[in-house]
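Here's the structure, in structure tokens; my notes come after.
What follows is calculated from the coordinates using simple rules that are stated; it is not laboratory data. Keep in mind that what you see is a predicted model, and the values were worked out from it rather than measured. Every residue, glycine among them, receives a Cβ derived from its backbone with ideal geometry; neighbour counts consider all protein chains shown.
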Amino acid sequence: MDTDRLDPRTNPYRPDLAATALRHVVAASRYVDPKPMEVVADLAPVLAEPNPDARLETEALFGENVAVFEDRDGWSWVQLGTDDYIGYLHSSALGPPKAGKSHKVSALRTYRYSRADLKSPRLGLLSLGSPVSVTGRTGEYCEISGGGFVHSGHVCKIDHAETDFVAVAERFAGTPYLWGGRSSIGLDCSALVQLSLGACGVPAPRDSDMQMNLGAGVPVPGTDGHDLVRGDLVFWRGHVGIMTDKTTLLHANADAMEVAREPLAEAANRIGGTGLQIIGVRRLHAASDL
């Protein structure tokens, strides 16, 4: 069995355990069917190993579905329903899946209150894109399955799609950079792309190298004078940014340690100083390209 082309980031297999669906693809000591669960924590770190000191791989949002392949010693080995990413999270962050989600969080972040009252105790903080089931309304607040109330102006129908993913990304300006982060509390370069496209109803993979398959390729700037446009994705090895116009890049980066705008020429020069050059540009202007 050859796993050379099977990405371990998005395929659930280890030497001792693998998904039943991979039985004839990978060798493992045991194969199991996934158990459907749902994230009940506001934001759940997904780690590389079942250890609190392990590297943060990504984060799972409240209400997102996960497939659990192992639950042992307080840790669950899971595959995220949103982007198929694999990792370990605390089992306490999971609960039984609820009925179909009716809404999603449309604000960058919104408090979940114990009552339909902004002065009531806060139960948590939900992030953009978190799917929720609205079970009732009281005044200006929606009651959600799982407990709590959120302001009605901070959620939208689950099938609502923004029309400008760059405008969504620009709302994250100033958000702290966090490797593996996936919320407005902290996020990395590829999460900025993923969350912004997701708000527009466009599913995107988690990592920047995976995102190089989005859209259509255009010439790298500087090779033929080709003009970039708003919404172009610019890639370096391990990094991606979004053009807000033909000269300005918006990206979550570890130099500014936040989501920041800067001239593409300056970013390319600085990143080039580390030995990395622009390796690709993808254009997402047409729905058929996504």
- Could you size up the charge dipole of the stretch 99-208 around its Cα centre, putting +1 on the beta carbon of Lys and Arg and -1 on that of Asp and Glu, and report it in debye to the nearest 20? 380
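Sequence gap at least 6, Cα distance under 8 Å: using those rules, report the relative contact order of the chain to the nearest whole percent.
On the way: 654 pairs, mean separation 34.4, N = 290.
The value is 12 percent.
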- Query: Classify the stretch 56-211: rounded, prolate or oblate, from the alpha-carbon gyration tensor (a ≥ b ≥ c, eigenvalue square roots; a/c under 1.5 rounded; otherwise prolate if a/b is larger than b/c)?
  - Reply: oblate
- Of the labelled options (i) 208; (ii) 167; (iii) 149, which one gives volume of the Cα convex hull per residue in Å³ as computed for this structure? (iii)
- Note on the structure: Whole-Hz Karplus couplings 3J(HN,Hα) for the stretch 248-262, θ = phi - 60° and coefficients 6.51, -1.76, 1.60, Gly and Pro as x, run 10, 9, 10, 7, 7, 9, 7, 7, 7, 6, 6, 7, 9, 9, 7
- Item | Cβ-Cβ FRET estimate between Thr247 and Arg171, R0 fixed at 30 Å, reported to 0.05 | 0.90
- What number, in percent, do you get for the relative contact order of the stretch 177-289 if the mean sequence gap of Cα pairs under 8 Å and at least 6 apart is divided by its residue count? 28
- Task: Return the distance in nm (one decimal) between the two label points of a simple spin-label model at Ala216 and Asp73, each offset 7 Å from Cα along Cα→Cβ.
- Result: 5.2
- Two-decimal Rg to Rh for the stretch 206-277 - Kirkwood Rh, Cα set: 0.92
- Computed D for the stretch 1-142, Stokes-Einstein, Kirkwood radius over alpha-carbon pairs, 25 °C, 0.890 mPa s, to the nearest µm² per second, is 149
- Ranked from fewest to most other Cβ atoms within 10 Å of their own Cβ, Asp188, Asp84 fall in the order Asp84, Asp188
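For His160 and Ser92, what is the calculated FRET efficiency with R₀ set at 25 Å and r taken between the beta-carbons, to the nearest 0.05?
Rounded to the nearest 0.05, the efficiency is 0.20.
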- Gain in span if fully extended, Arg5 to Tyr31, counting 0.36 nm per residue against the direct Cα distance: 7.4 nm
- Query: Which far-off residues, 5 or more places away or on another chain, put their amide H under 5 Å from the one on Thr248, with H placed in the peptide plane?
  - Reply: Leu264
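Could you tell me the relative contact order of the stretch 7-101? Use alpha-carbon pairs under 8 Å, at least six residues apart, and round to a whole percent.
28
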- Rank Gly74, Gly201, Gly217 by mean-square fluctuation in a GNM of the chain with C-alpha springs under 10 angstrom and give only the top-ranked residue. Gly74
- Message: Connecting C-alpha atoms closer than 10 Å in a GNM of the chain, tell me which of Val202, Val66, Val155 has the biggest fluctuation.
- Response: Val202
- Added length on full extension, which subtracts the Cα-Cα distance from 0.36 nm per residue, Arg237 to Ala54: 63.5 nm
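What FRET efficiency would be calculated for the residue pair Ala21, Ser145, taking the C-beta separation as r and a Förster radius of 35 Å, to the nearest 0.05?
In this case the efficiency is close to 0.75.
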